[in-house]
Amino acid sequence: DAGVTQSPTHLIKTRGQQVTLRCSPKSGHDTVSWYQQALGQGPQFIFQYYEEEERQRGNFPDRFSGHQFPNYSSELNVNALLLGDSALYLCASSTGLVRNEQFFGPGTRLTVL
Amino acid sequence: DQQVKQNSPSLSVQEGRISILNCDYTNSMFDYFLWYKKYPAEGPTFLISISSIKDKNEDGRFTVFLNKSAKHLSLHIVPSQPGDSAVYFCAATGGGNKLTFGTGTQLKVEL
């Protein structure tokens, strides 16, 4: 049983570019949350998708957007990249919107030059 | 505004001894608390959680204590093992499963 998978593992972009990160949830999970972890910080909640809709959002600008597909996989898109967007992006999956254990993927390391 | 704080960036303990990791929070709406462990190049792994209606929860070598009046929780690991060396994150939620994390504590268990 595969856990949460994310692609790519690493990514290098330049300022102003756009990036798409991908996440496949753990089998049986239908909710995907995205977090940004800057160096030396804890993960920060970006947003959460359930039933293909954004259900909750953290304090991130509209440059950060997402999508969830019918198979529950998800994408995180970031437009007009800034140097400060360099971070580890973590995807977590769970079931429903009620409080329960979230399983995290290994993350995508994004470097913006 | 850091709503979940882990004031010790690092902690070093001897194998077999107790490790105590601390966490403070400021948001009174938080009612469920979790500890995650993170190894390099891996995502955080859930360890143990506690609801605000309890003051203690145990799972094997791991015990979490919650002091609501002080808005403080701690994770005790007894006995500590070298494989416990990792970054430990405290997280909290006030509803649903949006997690607010602390900045983490690097635990090193020495032989």
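Okay, here's what the table says:
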{"quantity": "Residues within the stretch A:1-23 that are hydrophobic (A, V, I, L, M, F, W, C) and more than 17 Å from A:Y89 (Cβ to Cβ), tallied", "calculated": "1"}
{"quantity": "Answer from B:T26, B:T45, B:T93, B:T103 - the residue that is open to solvent by 50 Å² or more (accessible area, probe 1.4 Å), among the polar types (S, T, N, Q) and closer than 28 Å to A:T5 by Cα", "calculated": "B:T45"}
{"quantity": "Residue tally, condition under 11 Å from the mean Cα position of the chain (by Cα) and in a strand (DSSP E or B), over the stretch B:5-18", "calculated": "1"}
{"quantity": "Count - residues of the stretch B:59-111 that are farther than 24 Å from A:G40 by Cβ, modelled with pLDDT under 95 and hydrophobic (A, V, I, L, M, F, W, C)", "calculated": "1"}
{"quantity": "Positions within the stretch A:1-23 being open to solvent by 50 Å² or more (accessible area, probe 1.4 Å) and among the hydroxyl-bearing types (S, T, Y), in sequence order", "calculated": "A:T5, A:S7, A:T9, A:T14"}
{"quantity": "Qualifying residues in the stretch B:29-41 (those that are assigned to a loop (DSSP other than H, G, I, E, B) and away from chain A (no Cβ under 11 Å)) - the one surrounded by the most Cβ atoms within 10 Å (Cβ to Cβ)", "calculated": "B:F30"}
{"quantity": "Selected residue [over 10 Å from the mean Cα position of the chain (by Cα) and of a type in the set (A, V, I, L, M)] from A:V19, A:V32", "calculated": "A:V19"}
{"quantity": "Qualifying positions in the stretch A:8-39 - of a type in the set (A, V, I, L, M) and closer than 22 Å to B:F101 by Cβ", "calculated": "A:L21, A:V32, A:A38, A:L39"}
{"quantity": "All positions within the stretch A:74-113 that are facing chain B (nearest Cβ under 7 Å), in a strand (DSSP E or B) and open to solvent by 50 Å² or more (accessible area, probe 1.4 Å)", "calculated": "none"}
{"quantity": "Residue match in the stretch A:103-110 (condition: closer than 16 Å to B:P44 by Cβ and modelled with pLDDT under 95)", "calculated": "yes"}
{"quantity": "Selected residue (criterion: nearest to A:L88 (Cα to Cα)) from residues of the stretch A:24-73 that are more than 12 Å from chain B (Cβ to nearest Cβ) and open to solvent by less than 10 Å² (accessible area, probe 1.4 Å)", "calculated": "A:F64"}
{"quantity": "Pairs with Cβ under 6 Å, 6+ apart, first in the stretch B:71-97 and within 14 Å of chain A (Cβ to nearest Cβ), second among the hydroxyl-bearing types (S, T, Y) and part of a strand (DSSP E or B)", "calculated": "B:Y88/B:T105; B:F89/B:Y36; B:A92/B:Y25; B:A92/B:T100; B:T93/B:Y32; B:N97/A:S94"}
{"quantity": "The stretch B:42-59, subset part of a loop (DSSP other than H, G, I, E, B) and touching a strand residue (DSSP E or B) at 6+ places or on another chain (Cβ under 9 Å), residue nearest to B:G96 (Cα to Cα)", "calculated": "B:S52"}
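Yes/no matrix, rows are residues, columns are (1) within 14 Å of the chain's Cα centre (by Cα); (2) within 23 Å of A:L11 (Cβ to Cβ); (3) in contact (Cβ under 8 Å) with a residue 24 or more places away in the chain:
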position: A:E51; (1), (2), (3): no, no, no
position: A:H67; (1), (2), (3): yes, yes, no
position: A:E75; (1), (2), (3): yes, yes, yes
position: A:V78; (1), (2), (3): yes, yes, yes
position: A:L82; (1), (2), (3): no, yes, yes
position: A:A87; (1), (2), (3): yes, yes, yes
position: A:L90; (1), (2), (3): yes, yes, yes
position: A:G96; (1), (2), (3): no, no, yes
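The values are calculated or read from the model by the stated rules, or taken from the named source; none is laboratory data. These numbers come from a predicted model, not from an experiment. Because the Cβ atoms are built from the backbone with ideal geometry, glycine has one as well, and the counts that use them run over all protein chains shown. The accessibility values were calculated without ligands, DNA or RNA, using every heavy atom of the protein model including side chains. Shrake-Rupley method; radii C 1.70, N 1.55, O 1.52, S 1.80 Å.
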